[in-house]
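This report concerns only the one structure given below.
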Amino acid sequence: MKKQIRRASSAVLFALLLGSTAQAATLNTTELGLLEVVNDVRVANGVPPLEVDHTLVRAARAHTGRMLRADVLSHGSFGPRLGSFGARGPRFGENLAWGTGWSGSARALVRAWLASPGHRANLLRRGFRRIGIGARIGTFAGYRGATVVTADFAGR
């Protein structure tokens, strides 16, 4: 019986690890870079790293696409928007950013968030355990090759 419990526990642990890797694998290169920098900053500040939440990724990507099409950076009512995708809270946060060239790099975007008290609070909130990142490159505010990002956070 103990052997079966150990096997079952190992299988569950393996599935959880595989699931996290598979979710992260669905991110594009820009999104992966942002996730890495965000988690590096969190760990450096004594806060646990965030896990990728595919529901939040879908919501973030959809919002980034809308912002690119409308050529406007705006949160709108992000709580209800995230809820419409089936995101679980109970608390949500959202960071938006855009930049071109070096200012559109993951490091520069996260540095800008850290310089803003509200964005910094979202980034380093201990209760947030999950993240969805939507990053696309396109024409924004008249700049070609702009990186536009939505980062949606969830937890307690």
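A short reminder: the numbers here are calculations on the coordinates, not readings from a lab. Here the structure is a predicted model, which means the values were calculated and not measured. Every residue, glycine among them, receives a Cβ derived from its backbone with ideal geometry; neighbour counts consider all protein chains shown.
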Applied in sequence order to region 96-111, the curve 6.51 cos²θ - 1.76 cosθ + 1.60 (Karplus, θ = phi - 60°) yields integer Hz couplings, x standing for Gly and Pro, of 10, 6, 8, x, 10, x, 4, 5, x, 6, 4, 4, 5, 5, 5, 4
Neighbourhood net charge (12 Å Cβ-Cβ; Lys/Arg +1, Asp/Glu -1) for E51: +2
Local electrostatic count at R129 - Lys and Arg +1, Asp and Glu -1, tallied over other residues with Cβ under 13 Å: +4
Is the shape of region 54-156 rounded, prolate or oblate, going by the alpha carbon gyration tensor and its root eigenvalues a ≥ b ≥ c, with a/c under 1.5 for rounded and a/b larger than b/c for prolate? oblate
Evaluate E = 1/(1 + (r/R0)^6) for D71 and A108, where r is the Cβ-Cβ distance and R0 equals 22 Å; express this FRET efficiency to the nearest 0.05. 0.55
Length released on extending from R156 to H54, taking residue separation times 0.36 nm less the Cα-Cα span: 34.9 nm
Could you list which residues have their amide H under 5 Å from that of L27, counting only those 5 or more apart in sequence or on another chain, with H placed in the peptide plane? none
Pop a pseudo-label 7 angstrom from the Cα along the beta-carbon direction at both D40 and Y143 and give the gap in nm to one decimal. 2.1 nm
With DSSP loop assignment and no more than 13 other C-beta atoms within 10 Å, the trypsin sites (Lys or Arg not before Pro) in region 78-153 are R88, R126
